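The values are calculated or read from the model by the stated rules, or taken from the named source; none is laboratory data. These numbers were taken from a predicted model, which means no experiment stands behind them. Cβ sites come from the backbone with ideal geometry, for glycine too, and all protein chains shown count toward neighbours. To get the accessible areas, we keep the full protein, side chains included, count just its heavy atoms, and leave off ligands, DNA and RNA. Shrake-Rupley method; radii C 1.70, N 1.55, O 1.52, S 1.80 Å.
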Amino acid sequence: MLKITVPPIQKGSLFSIADALSPLAALLGISSFIGVAVIGFGKSGSWMSDFNWYYAGGTCLLSGGNMYDLECFGPLIKELSGVEALAGLPYPPHFAPFAAVVAIPSLSVSSILFVFINIAVSMALAFVVVETERRVCGSDSRDVGLNHFWAIALVLGSSGVWGVVWLGQISLLIALFVWVAFRFLDRCNTVLAGVLLAIVSVKPQMAALLFFWLLLHGQWKVLAVAAAAAGFLSAYAFAKVGLAPSITGWITALAAYQHYPENMLGSGTIMGLPSLVALYGVDIPLPVATAIGALALVYLRVFSKASPFAPMALGTILLVQMMVFSRPIDIAFILPVFALFWPSRHSHPIQLLFFVVMMALICFPQQVVARAFPFPEASHFRTLPVAVLTVLFFRQMLLGASRWEYWSATSRLQPRPDV
């Protein structure tokens, strides 16, 4: 009888295939970015609809009005986006200078300029992925990492990034500032880190646990610089609107923001564990979920052996934050996390497969999945890979590793706690 034997898969073979396919992956990423994010293929929402909110708020300020006043803001956003606003612009006072600047040109000119800004930021974020991968692996490593064309495919091929560019959101810019700020912080450049973190704080839903981590590590100078920079940026709103009206107006707008249908837990536009379990009638209030996330960081503060401001630490904090509350467009915040389990020639094949599967789950368009599987859980499919990454990286933080790797007897890469 003829016996057919199948040779075992060699480690290098899968790696070589993935490496050879990297230019094609990058090309597909660039093509999809242009087709969806810029041209709008398959998009059902209005182009630059989120940017219209910034423009309406800035128009109120430039006309001598109040961006938190519904009488000024409401008619403008109704005209621009057809939305019945419940309150004014739900961004803090230190967002006012940005809103005013984007409202200086005409809406069409400002929108196009911001699209180009987001395109540039997308490319910068891809560079952050590459720089982070080189940093955690070490420049003197004898191992060869997977081709960095995959970083282009990861960022430009991510449906979350497409959404940011199409909607005219600032999530990409804030995500970039987060990673650059922690790089400055790790280099002890507290002033630049604090200034960038002040800007990051305009999105408190993504910045809350980051600032709590700084508090746990006694980074008082950074926090003071961030507070001073936020105060400086808020001076414009305080001068135009007044100190008390600015603060109370923002709090009112933020509270009303939670009552828009797309912002309620259980909606497909909200990621995280509280939103997922809301589908089954389980109510986890966001303050409670945030407190649980904060307790997880306290545990890391006590038992972690990793550097507190290295990429592994930042990636873990952002993943925990994503599990509390986030949006599909906030995927940009965790794209550099992929650099922390970037496969190399001597990685186990399982790690390469894990990388590819996670990349597919994170980047794949949510609308396609929701249409293919018409049940509510389909719109929350990304919560599962985020949860898996959170558990894996939480463990690595406790071990003091600089990256995650599927350990094998032939693996050459070792954790580098000094990174």
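Closer than 30 Å to Ala120 by Cβ and either open to solvent by less than 10 Å² (accessible area, probe 1.4 Å) or touching a residue at least 24 places away in the same chain (Cβ under 8 Å) (or both): does that describe Leu352?
Spelling it out, it is not the case that Leu352 is closer than 30 Å to Ala120 by Cβ and either open to solvent by less than 10 Å² (accessible area, probe 1.4 Å) or touching a residue at least 24 places away in the same chain (Cβ under 8 Å) (or both).
Filtering the stretch 227-266 down to residues that are of a type outside the set (A, V, I, L, M, F, W, C), open to solvent by 30 Å² or more (accessible area, probe 1.4 Å) and not in a helix (DSSP H, G or I), which residue is nearest to His94 (Cα to Cα)?
The selected residue is Gln258.
Look through the stretch 267-289, keep the residues that are open to solvent by 50 Å² or more (accessible area, probe 1.4 Å) and outside any loop (DSSP other than H, G, I, E, B), and return whichever of them is nearest to Gly315 (Cα to Cα).
Checking each candidate, the answer is Leu273.
Would the stretch 164-174 turn up any residue that is free of Cβ contacts under 8 Å to residues at least 40 places away in the same chain and either in contact with a Leu (Cβ under 6 Å, 6 or more places away or on another chain) or open to solvent by 10 Å² or more (accessible area, probe 1.4 Å) (or both)?
Checked against the condition, which is being free of Cβ contacts under 8 Å to residues at least 40 places away in the same chain and either in contact with a Leu (Cβ under 6 Å, 6 or more places away or on another chain) or open to solvent by 10 Å² or more (accessible area, probe 1.4 Å) (or both), the stretch 164-174 yields no hits at all.
Hey, any hits in the stretch 47-56 for a residue that's among the polar types (S, T, N, Q), in a helix (DSSP H, G or I) and surrounded by fewer than 24 Cβ atoms within 10 Å (Cβ to Cβ)?
Within the stretch 47-56 (the criterion being among the polar types (S, T, N, Q), in a helix (DSSP H, G or I) and surrounded by fewer than 24 Cβ atoms within 10 Å (Cβ to Cβ)), the answer is yes, since at least one residue qualifies.
When you go through Ser326, Ser344 one by one, which is the residue that is surrounded by 24 or more Cβ atoms within 10 Å (Cβ to Cβ), more than 15 Å from Leu398 (Cα to Cα) and hydroxyl-bearing (Ser, Thr, Tyr)?
Ser326
Please work out which one of (1) loosely packed, with under 13 Cβ neighbours inside 10 Å; (2) modelled with pLDDT under 95; (3) not aliphatic (A, V, I, L, M) is the condition Ser307 fails and give its number.
(1)
Quick test of your reading of the structure: Cys60 fulfils all but one of (1) free of Cβ contacts under 8 Å to residues at least 40 places away in the same chain; (2) open to solvent by less than 10 Å² (accessible area, probe 1.4 Å); (3) within 30 Å of Ala313 (Cα to Cα). Name the failing condition by number.
Going through (1) free of Cβ contacts under 8 Å to residues at least 40 places away in the same chain; (2) open to solvent by less than 10 Å² (accessible area, probe 1.4 Å); (3) within 30 Å of Ala313 (Cα to Cα) one by one, Cys60 breaks only (3).
Output the residues belonging to the stretch 101-155 that are closer than 17 Å to Leu352 by Cα, among the aliphatic types (A, V, I, L, M) and exposed (fewer than 15 other Cβ atoms within 10 Å of the Cβ).
Across the stretch 101-155, the qualifying residue is only Val144.
Restricting to the stretch 290-304, and then to whatever is out of contact with any Pro (no Cβ under 9 Å at 6 or more places or on another chain) and surrounded by 17 or more Cβ atoms within 10 Å (Cβ to Cβ), can you tell me which residue is farthest from Phe394 (Cα to Cα)?
Among those that are out of contact with any Pro (no Cβ under 9 Å at 6 or more places or on another chain) and surrounded by 17 or more Cβ atoms within 10 Å (Cβ to Cβ), it is Thr290.
Just need a number here: residues in the stretch 286-299 that are in contact (Cβ under 8 Å) with a residue 60 or more places away in the chain and more than 18 Å from Val337 (Cα to Cα).
Residues in the stretch 286-299 being in contact (Cβ under 8 Å) with a residue 60 or more places away in the chain and more than 18 Å from Val337 (Cα to Cα): 5 in total.
Based on this model, can you work out whether Met312 counts as at pLDDT 95 or above and either within 18 Å of Leu146 (Cα to Cα) or open to solvent by 20 Å² or more (accessible area, probe 1.4 Å) (or both)?
The answer is no for Met312.
Across the stretch 198-209, what is the number of residues that are outside any helix (DSSP H, G or I) and more than 12 Å from the chain's Cα centre (by Cα)?
Result for the stretch 198-209: 2.
Looking at the stretch 175-197 only, could you name the residues that are more than 30 Å from Ser111 (Cβ to Cβ), over 18 Å from the mean Cα position of the chain (by Cα) and free of Cβ contacts under 8 Å to residues at least 24 places away in the same chain?
Answer for the stretch 175-197, where residues must be more than 30 Å from Ser111 (Cβ to Cβ), over 18 Å from the mean Cα position of the chain (by Cα) and free of Cβ contacts under 8 Å to residues at least 24 places away in the same chain: Phe184, Arg187, Cys188, Asn189.
Going through the stretch 33-42 one residue at a time, which ones are surrounded by 16 or more Cβ atoms within 10 Å (Cβ to Cβ), modelled with pLDDT under 95 and not β-branched (Val, Ile, Thr)?
Selection gives Ala37 alone.
Could you tell me which residue of the stretch 377-419 is modelled with the highest pLDDT, considering only residues that are aliphatic (A, V, I, L, M), closer than 23 Å to Gln321 by Cβ and not in a helix (DSSP H, G or I)?
Ala401
Are there helices (runs of 4 or more DSSP H) fully within the stretch 71-169 with at least 2 residues that are touching a Phe, Trp or Tyr at 6+ places or on another chain (Cβ under 6 Å) and more than 18 Å from Leu28 (Cα to Cα)? List them.
Filter on the stretch 71-169 gives 96-102, 107-137.
Could you please tell me which pairs satisfy a Cβ distance under 7 Å, a separation of 6+ or placement on different chains, a first residue in the stretch 363-391 that is closer than 27 Å to Pro336 by Cβ, and a second residue that is assigned to a helix (DSSP H, G or I) and hydroxyl-bearing (Ser, Thr, Tyr)?
Matching pairs, first to second residue: Cys363/Ser159; Phe364/Ser159; Pro365/Ser159; Gln366/Ser159; Gln366/Ser379; Ala370/Ser379; His380/Ser275.
Any residue at all in the stretch 358-366 that is in a helix (DSSP H, G or I), β-branched (Val, Ile, Thr) and surrounded by fewer than 18 Cβ atoms within 10 Å (Cβ to Cβ)?
For the stretch 358-366, residues in a helix (DSSP H, G or I), β-branched (Val, Ile, Thr) and surrounded by fewer than 18 Cβ atoms within 10 Å (Cβ to Cβ): absent.
Output the residue which, of all residues in the stretch 170-197 that are assigned to a helix (DSSP H, G or I) and either on the phi > 0 side of the Ramachandran plot or not hydrophobic (A, V, I, L, M, F, W, C) (or both), is modelled with the lowest pLDDT.
Among them, the one singled out is Asp186.
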